[in-house]
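Trainee: My questions all concern the structure below.
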Amino acid sequence: MNLIDALAIPHSALVDQRITKKLYYENISMNISQKKLFKEELESLQFLYNIAPSTMNIPQFINEEYHYDNIAVIVSTLKSRKYAAALAEVIHKVPYPVVLIMNSEGHTLLSLSPKRINRADNTKRTVESSISTDWIDTQNSSEFETLFFESIDSAELPFENLYRFYQALCERVTALQASRLSGAFSNSIDSDATQRILDEIRLLDNRMLELRNRLKKSEQFNEKIELNIEIKKLEESRENQLKILGNLP
């Protein structure tokens, strides 16, 4: 299954318009590196669906912090998977929430970036966070990925308002990330607490990788002992985080 089919967005929201790279170059701030990636690594960009009150009968959500009057579903095709995160950062710079589907080499991922109104300039948006699935093999999805696909059917997501609809998608992505560590997929997790634990585990993993690389290069006996002790402490911390994750309601 692919993400477009899994979302099952009704035909009433279909736009299916090509987005030119020129449109981004002229309207979105990019540094030299981002422009180079956009030019060389992005094959295509399509504005596929517009989720809005008039297209899916989901109320808008506007207050002093958030402005959700539509959600764009954008599909991109990349030449390779290597630069997905960097390209997603650029694509999400538009001033409205985006459900970004990225496809490359028989794999797909879903990228989301919740945004709030910029307090210094209410015509601009500030990205609160970024979250995405790992690359999913469209021909060989895992048990948890299959459950994730089933959970993002648009008809099963909350229609309370567009902000809640988007947040629910973020929660499903967090649940998929957590399932890879906890061994279970659930739609009813405490998403904020789960994300904090996932972030902590990611930091621990990065720190352990750094120390293990130092250990490989070290030639001093005392330094090797100290590095091994620190790595052991980090491993214990990671195990504790996994236990907390497994015990979350």
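Trainee: Based only on other Cβ atoms within 10 Å, what is the fewest-to-most ordering of Met30, Met56?
Mentor: Sorted ascending by nearby Cβ count, the order is Met30, Met56.
Trainee: Please state the charge dipole magnitude for the chain, taken about the Cα centre, from unit charges on C-beta atoms (+1 on K and R, -1 on D and E), reported in debye and rounded to the nearest 20.
Mentor: Dipole size: approximately 960 debye.
Trainee: Taking the alpha-carbon distance from Lys224 and a cut-off under 21 Å, which lysines remain once sequence neighbours fewer than 8 residues away in the same chain are dropped?
Mentor: Lys216, Lys232, Lys233
Trainee: I've got another one for you. What does the net charge come to around Phe47 if you take all other residues with beta carbon closer than 12 Å to its beta carbon, with K and R at +1 and D and E at -1?
Mentor: 0
Trainee: Moving to a separate point now. In µm²/s, what is D for the range 1-50 at 10 °C and 1.306 mPa s, where D = kT/(6 pi eta Rh) by Stokes-Einstein and Rh is the Kirkwood radius from Cα pairs?
Mentor: Stokes-Einstein gives a translational diffusion coefficient of 124 µm²/s.
Trainee: Taking the 0 to 90 degree range and rounding to the nearest ten, how far is the long axis of helix 191-217 tilted relative to the main principal axis of the chain, both from C-alpha atoms?
Mentor: Once rounded, one gets 50 degrees.
Trainee: Under a plain spin-label model, where a point goes 7 Å from the Cα along Cα-to-Cβ, how far apart in nm are Lys82 and Asp205?
Mentor: Distance between label points: 2.1 nm.
Trainee: Send over the Kirkwood Rh of the chain, from the inverse of the averaged 1/r over different Cα pairs, rounded to one decimal Å.
Mentor: So the Kirkwood estimate lands at 19.9 Å.
Trainee: Run the reach check for Lys243 against aspartates and glutamates, Cα to Cα strictly under 18 Å, same-chain hits fewer than 8 apart removed. What comes back?
Mentor: Within the straight-line limit of under 18 Å, Lys243 reaches these aspartates and glutamates: Asp190, Asp192, Asp199, Glu200, Asp205, Glu235.
Trainee: Could you give the length gained on full extension between Arg18 and Asp190, defined as 0.36 nm per residue of separation minus the Cα-Cα distance, in nm?
Mentor: 58.2 nm
Trainee: Now for a different question. Could you go through the range 84-90 in sequence order and give the Karplus-derived ³J(HN,Hα) for each residue, using 6.51 cos²θ - 1.76 cosθ + 1.60 with θ = phi - 60°, rounded to whole Hz, and x for Gly and Pro?
Mentor: 4, 4, 5, 5, 4, 4, 6
Trainee: Given the chain, what percent of its DSSP beta bridges are antiparallel, to the nearest 5?
Mentor: In the chain, DSSP labels about 80 percent of beta bridges as antiparallel.
Trainee: Could you tally the net charge around Ile197, taking each other residue with its Cβ under 13 Å from the Cβ of Ile197, Lys/Arg +1 and Asp/Glu -1?
Mentor: Neighbourhood net charge equals -1.
Each reported figure results from applying straightforward, stated rules to the coordinates on display, with no laboratory input. Because the structure is a prediction, the values reported are computed rather than measured. Cβ: placed from backbone, ideal geometry, glycine included. Neighbour counts: every protein chain shown.
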